[in-house]
Amino acid sequence: MAALSSKVAIITGASSGIGRATAKLFAREGARLILSGRRRTALDQLVAEIEAEGGEAFAIDGDVRDEIHAQSLVEAATEKFGGLDIAFNNAGTTGEMAPISDLSTAGWQETIETNLTSAFFGAKYQVPAMAARGRGSLIFTSSFVGHTAGMPNTSAYAAAKAGLVGLTQSLAAELGPKGIRVNAILPGGTDTPMSFTNAPGAGPEVLAFVEGLHALKRMAKPEEIARSVLYLASDASSFTTGTAMLVDGGVSINRT
């Protein structure tokens, strides 16, 4: 039996990278999906691919910094598929990277709002829908940055991602009696469009440096991270809540 058979899931940041890979995997495991992203064309392509494989998905484009968008995703899950079981609040940005004295207030606010406030908006509307089912799995994408490692010029990103771990722990304690599990996934370097290694002007030396930070001496593929998200979403992790789950190729412990 598929791991997510008959489950309904919301995935944000679904148009590329980890979100896209997770959407494909969830669909193959039987989940019916509400997908969020900013790029309508990419979302439509993803829905077409899922439907071609026999899955069910519906896309709503929008900005996760918009509270109304968060509400609309839950309303769509309820109206189209009858409720909500899983939410993968994955959308995020590295944001403005600069020494703290040069970091703009606008850059700070955009990074915090995209990574952290969006998670609050998501949970605010997702939790009641899950509570109506009597159970659920809420998952956030945090990072080892700001949790097990400090990196220069990433203060806004690190603060936002560390905030997600705190949010995870608080909500896990708050929602456990309702049967709702809350966890964060902390990926290492992953080959996605948002990766430092794919930034304009990043040469092979950047890739080599990032790979070398990891104990496994490579970056992750989005599909590898997606498999860990599947674990947290499924009943395989039925006694797992409040965790900051490192899926980081050993970057947190490596000193070689």
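Read the figures in this text as sums done on the coordinates, not as results from a lab. Remember, predicted model here, so these are calculated numbers, not experimental data. No Cβ is skipped: glycine too gets one built from the backbone with ideal geometry, and neighbour counts run over all protein chains shown.
So, with +1 on the Cβ of K and R and -1 on the Cβ of D and E, and no other charges, what is the size of the charge dipole of the stretch 8-247 about its Cα centre, to the nearest 20 debye?
500
May I ask you to sort TYR157, TYR125, TYR231 by Cβ crowding, counting other Cβ atoms within 10 Å and putting the fewest first?
Listing TYR157, TYR125, TYR231 from fewest to most nearby Cβ atoms yields TYR231, TYR125, TYR157.
Between SER170 and THR78, what length in nm is gained on full extension when 0.36 nm per residue of separation is reduced by their alpha carbon distance?
Taking SER170 through THR78 to full extension adds about 30.5 nm, to one decimal.
Hey, can you grab everything whose amide H is under 5 Å from the amide H of ALA57? Only 5+ residues off in sequence or another chain; H modelled, so Pro and N-termini drop out.
So ALA57 has HN proximity to LEU33.
For GLU67 paired with SER238, estimate the spin-label separation in nm (one decimal), with each label point 7 Å from Cα along the Cα-to-Cβ line.
3.7
Spin-label point model (7 Å from Cα, Cβ direction): what's the ARG218 to ALA132 distance in nm?
For ARG218 paired with ALA132, the spin-label model returns 4.4 nm.
Karplus couplings for the stretch 220-228 from phi (6.51 cos²θ - 1.76 cosθ + 1.60, θ = phi - 60°), rounded to Hz, Gly and Pro as x?
Result, ordered by residue: 7, 8, x, 5, 5, 5, 4, 5, 6 Hz.
Local charge sum around GLY242 (other residues, Cβ-Cβ under 12 Å, Lys/Arg +1, Asp/Glu -1)?
0
At 0.36 nm per residue, and after removing the present C-alpha to C-alpha distance, how many nm does the segment from ALA2 to ARG255 gain when stretched out fully?
87.1 nm
Amide H of GLY136: which non-local residues (sequence gap of 5 or more, or other chain) have their own amide H closer than 5 Å, using H built in the peptide plane?
For GLY136, the qualifying residues are ILE180, ARG181.
Rank these for me by crowding, PHE144, PHE88, PHE58, going from fewest to most other beta carbons within 10 Å. Intermediate results must be reported in sequence, preceding the final value.
Numbers: PHE144 22, PHE88 30, PHE58 17.
Taking fewest neighbouring Cβ atoms as first place, the list is PHE58, PHE144, PHE88.
Can you give the net charge of the other residues whose Cβ lies under 14 Å from the Cβ of ILE68, counting K and R as +1 and D and E as -1?
Charge balance in the 14 Å sphere: -3.
Counting only residues 5 or more places away or on other chains, whose amide H sits under 5 Å from the amide H of THR241 once H atoms are built in the peptide plane?
Distant-sequence amide H within range of THR241: zero hits.
Given a Förster radius of 35 Å and the C-beta distance between GLU205 and ILE100 as r, what FRET efficiency does 1/(1 + (r/R0)^6) yield to the nearest 0.05?
0.85
Along the Cα→Cβ direction, 7 angstrom out, place labels at ARG39 and GLU53. What is the inter-label distance in nm?
Between ARG39 and GLU53, the simple spin-label model gives 1.8 nm.
Hey, of [x] 20.1; [y] 13.6; [z] 12.8, which did the structure itself give for mean projected area of the Cα convex hull in nm² when calculated?
Comparing each candidate, only [y] matches the computed number.
What percent do you get for the relative contact order of the chain when only Cα pairs under 8 Å and 6+ apart count?
Details: 533 pairs, mean separation 49.4, N = 256.
Relative contact order here is 19 percent.
Short version: ³J(HN,Hα) in whole Hz for each residue of the stretch 240-256, in order, from phi by Karplus 6.51 cos²θ - 1.76 cosθ + 1.60 (θ = phi - 60°), x for Gly and Pro, what are they?
10, 8, x, 9, 9, 8, 6, 10, 10, x, x, 5, 6, 10, 6, 10, 9
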